[in-house]
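Remarks on the structure that follows.
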């Protein structure tokens, strides 16, 4: 019987910089599924995304992306992978000198099937999908952090990806905009069937968007499984993390 292939998979991945960042980390993500990676700052969450994109190579272990072992891929091969897997950076990474519409158009022009005749329709369609059509001629410096992230998602969608990686999408965003971004992520999950990996501290986002979750602690995956079962974990570090979230949710008097 042949081994099941996952859309994304880490097989015993190790990575050290000045200290161990990832230690024997294994997980998988199936097509159409959303995985949340959670844990405190500095435990290797964003480094995991870097490995998926091919920006970082593991010291040991294998990385599978889009059903292919990309561990030893050349930069040219990784560029082909990045047409299928795109990343929404925490900063948004928009070009400040371009309007919102021009930022999306820039991404469109990287597509081989791009038809310049309907470029305005495609840009408007993408902005409508994220409810930002009224911002099409605005520059990024005029946008809030949350709106920048929504534009970055629209720009990512211009490449017609199979998978989106989100790096802390709701960090430094007010509760209303956070809710908007979560609704948008759910819309892409259900309507476009996109595979996703989301790095987050936001347990509300995790509970609403993710199918499975990996909890990293000191570089190790101390939990990997369904979101609903995380609450049942008796691991002391997970209990502490969940308890801190409940404390933060209690309104001040």
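In table form, for the structure just shown:
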read-out	value
Cα gyration tensor, the range 73-169 - rounded (a/c under 1.5), prolate or oblate	oblate
Approximate spin-label separation residue 80-residue 172, in nm, with each point projected 7 Å along Cα-to-Cβ	3.7 nm
Calculated FRET value between residue 102 and residue 128, using beta carbons and R₀ = 25 Å, to 0.05	0.90
Dimensionless Rg/Rh of the chain - Kirkwood Rh, Rg from C-alpha atoms	0.97
Within the chain, helix-based [θ] at 222 nm, where runs of 4 or more DSSP H residues each add -39,500 (n - 2.57), nearest 500	-11000 deg cm²/dmol
Normalised contact order of the range 1-109, rounded percent, pairs of Cα under 8 Å and 6 or more residues apart	25 percent
Shape call, the range 172-253: gyration tensor on alpha carbons, a/c limit 1.5	oblate
Global geometry of the range 127-205, whether rounded, prolate or oblate, following the gyration tensor of its Cα atoms and the 1.5 cut on a/c	oblate
Rg(Cα)/(2.2 N^0.38 Å) for the range 60-100, N = residue count	1.55
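No lab work stands behind these numbers, since they all come straight from the coordinates. No experiment lies behind these values; they were computed from the predicted model shown. Virtual Cβ from ideal backbone geometry, glycine too; neighbours counted across all protein chains shown.
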